[in-house]
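Input: a single structure, listed below in structure tokens.
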Amino acid sequence: MAEIIAMPKLGFDMAEGTLVRWVVGEGEKIEKGQVLAEIETDKATVEVESSAAGVVYRHLVKAGDIVPVGTPIAVIAAPGEEVKDIPGLPPQEETKTAAAESSATSQPSLPVEEVKIDTGEEDGRTKASPLARRMAREYGIDLKTLQGSGPGGRIVRRDIEQALQAGAAQPSPRVKTPAVAPAVSAGPLSPGFPAAVVGAEDQRIGVDKLRAIIGKRMVESKTQIPHFYLTSEVDMNALMELRKQFNSQLPEEQKLSVNDFIIKAAALALRQYPNLNASLQGNEIVRHGHRNIGVAVALESGLMTIVCKDADYKSLGLISQEVKEMVARARAGRVRPEDIEGSTFSISNLGMFEVEHFVAIINPPEAAILAVGSVKEVPVVENGVIKAGLRMKMTLSADHRITDGAEAARFMQALKNYLEKPALILL
């Protein structure tokens, strides 16, 4: 029986998505779970997988179309099946289906000179992921000069990065390269001072879609949500020693990050303080039954939040593995719908950039977000003695409509206790 594939809803506020391209054409076979199309949301370019196996009977929308959530976009049928009365399909003028055509075995073989060879192009365009195309435009790289390393010769992010390292990049035609004016003499009244330099020309760079959406959501968050902030300093000596012991026994690709510990600790603390794992819907506070931790990931065009679901029930190793895989997919432009939907609490960690302390903006409709700074060696006083210690600052931004200062402070105490006694995380 034929099955309808609809535009998925990826996030509470997603109303529509843009169909970037079809990965599987009409009449081609497809397996359940195979990528059918790529869509662009306000957060990312996402791969849509087929929920059924069979043949792609019909595309109901064209590449480039903006499609409301829930709208049928494709029909998957059994080989040879004749499909009728499908929403969005024009009246059938013939009974022979694209599926039947693809499964027919009686057609004569094509002459050798007519056999289509995969040249790395699709519909006259070079095969490339949306992210690779965007990077190529920004750096002025001709995709036709590259050899893709992705499936079927598709050009992906790493191919662009390799081209940049090889010196293939040219100034982007969209950005005017500033011209530096010659130095102007300081004159006889200012001996010994460096010559003044006339400033470069202004640059005007268009705001891309992701950056525009981020800006819109952050303005809404800051103007509509009454934020308040709490900062705690955590003794990280025990955690860093435990992490060191674990990582000494693990291969490079499995090593644990500080953030892995924070994700697990935050999820456990949220069990005790469900108002921090909640959202406001009308006149009701919805306390979510799952502790799904959103992790902010820096991309070229802005931030994206990937989601570690049910983090309180997962081991540190599994959290580490899942986060690494989702981050890699996000940065390669191959994020999956489940990677970015369903977060109930978020963490933004800038410690790897040597940021000591900052505050983050709440990601609606969540009740709170945790901003994490770097682990630093600092002088500390213990029992009247000054010595070196490892400390980390973390700041909670919370929605005052859902929680208050005392409750948020107790949450921070619970989180701090898990981080300072990391053996509790392993229980």
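Counting just the residues of region 16-48 that are of a type in the set (S, T, Y) and out of contact with any helix residue (DSSP H, G or I) (no Cβ under 7 Å at 6 or more places or on another chain), which one comes out most open to solvent (accessible area, probe 1.4 Å)? Lay out the reasoning, then the answer.
Taking region 16-48 as the starting set, the residues that turn out to be of a type in the set (S, T, Y) are 18, 41, 45.
Narrowing the set further to residues that are out of contact with any helix residue (DSSP H, G or I) (no Cβ under 7 Å at 6 or more places or on another chain) leaves 18, 41.
Numbers: T18: 25, T41: 6 Å².
In this case the residue turns out to be T18.
Residues in region 383-395: is at least one within 17 Å of I263 (Cβ to Cβ) and aliphatic (A, V, I, L, M)? Full working, then the answer.
Initially, region 383-395 is screened for residues within 17 Å of I263 (Cβ to Cβ), giving 392, 394-395.
After this cut, where a residue has to be aliphatic (A, V, I, L, M) as well, the list is 392, 394.
Yes, region 383-395 contains at least one residue that is within 17 Å of I263 (Cβ to Cβ) and aliphatic (A, V, I, L, M).
Only residues that are outside any helix (DSSP H, G or I) and either among the hydroxyl-bearing types (S, T, Y) or within 28 Å of F411 (Cα to Cα) (or both): list them for region 205-239, please.
Of everything in region 205-239, those that are outside any helix (DSSP H, G or I) and either among the hydroxyl-bearing types (S, T, Y) or within 28 Å of F411 (Cα to Cα) (or both) turn out to be I225, P226, H227, F228, Y229, L230, T231, S232, E233, V234, D235, M236.
Which one is farthest from the chain's Cα centre (by Cα) among residues in region 375-427 that are among the small types (G, A, S), within 21 Å of S346 (Cα to Cα) and open to solvent by 20 Å² or more (accessible area, probe 1.4 Å)?
Step one: of region 375-427, the residues among the small types (G, A, S) are 384, 388-389, 397-398, 405-406, 408-409, 414, 423.
Then drop every residue that is not within 21 Å of S346 (Cα to Cα), which leaves 397-398, 405-406, 408-409, 414.
Now narrow it down to the ones that are open to solvent by 20 Å² or more (accessible area, probe 1.4 Å): 405-406, 409.
Details: G405: 31, A406: 33, A409: 30 Å.
The qualifying residue farthest from the chain's Cα centre (by Cα) is A406.
Residues that are more than 22 Å from Y418 (Cα to Cα) and among the polar types (S, T, N, Q): which strands (runs of 3 or more DSSP E) entirely in region 273-356 hold 2 or more of them? Reasoning before the result, please.
Working: elements: 278-281, 284-287, 293-299, 302-308, 345-349.
Those strands (runs of 3 or more DSSP E) span 278-281.
Yes/no per residue for (1) modelled with pLDDT of 95 or more; (2) of a type in the set (A, V, I, L, M); (3) open to solvent by less than 30 Å² (accessible area, probe 1.4 Å); (4) in contact with a strand residue (DSSP E or B) (Cβ under 9 Å, 6 or more places away or on another chain):
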site: Q272; (1), (2), (3), (4): yes, no, no, no
site: N283; (1), (2), (3), (4): no, no, no, no
site: H288; (1), (2), (3), (4): yes, no, no, yes
site: L303; (1), (2), (3), (4): no, yes, no, yes
site: C308; (1), (2), (3), (4): yes, no, yes, yes
site: L316; (1), (2), (3), (4): yes, yes, yes, no
site: Q321; (1), (2), (3), (4): yes, no, no, no
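Identify the residue in region 131-146 that is assigned to a loop (DSSP other than H, G, I, E, B) and free of Cβ contacts under 8 Å to residues at least 24 places away in the same chain and, among all such residues, is surrounded by the most Cβ atoms within 10 Å (Cβ to Cβ).
L146
Residues checked against (1) in a strand (DSSP E or B); (2) modelled with pLDDT under 90:
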| position | (1), (2) |
| --- | --- |
| G11 | no, yes |
| V20 | yes, yes |
| E26 | no, no |
| I39 | yes, yes |
| D42 | no, yes |
| S51 | no, yes |
| V56 | yes, no |
| I73 | yes, no |
| I76 | yes, no |
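Please go through region 28-37 and pick out each residue that is in a loop (DSSP other than H, G, I, E, B) and without any contact (Cβ under 8 Å) to a residue 24 or more places away in the chain.
From region 28-37, those in a loop (DSSP other than H, G, I, E, B) are 28, 31-34; that's our starting set.
Answer for region 28-37, where residues must be in a loop (DSSP other than H, G, I, E, B) and without any contact (Cβ under 8 Å) to a residue 24 or more places away in the chain: E31, K32, G33, Q34.
Note down all Cβ pairs under 7 Å where the first residue falls in region 277-290 and is in contact (Cβ under 8 Å) with a residue 24 or more places away in the chain and farther than 19 Å from A266 by Cα, the second is outside any strand (DSSP E or B) and basic (K, R), and they're at least six residues apart or on different chains.
L280/R401
Please go through (1) under 31 Å from the mean Cα position of the chain (by Cα); (2) at pLDDT 85 or above for I214 and return the number of the only condition it doesn't satisfy.
Here I214 meets the rest and fails (2).
The values are calculated or read from the model by the stated rules, or taken from the named source; none is laboratory data. Because the structure is a prediction, the values reported are computed rather than measured. A quick note on method: Cβ atoms are made from the backbone with ideal geometry, for glycine too, and the neighbour counts reach across all protein chains shown. Heads up: the accessible areas ignore ligands, DNA and RNA and are worked out on the full protein's heavy atoms, side chains in. Shrake-Rupley method; radii C 1.70, N 1.55, O 1.52, S 1.80 Å.
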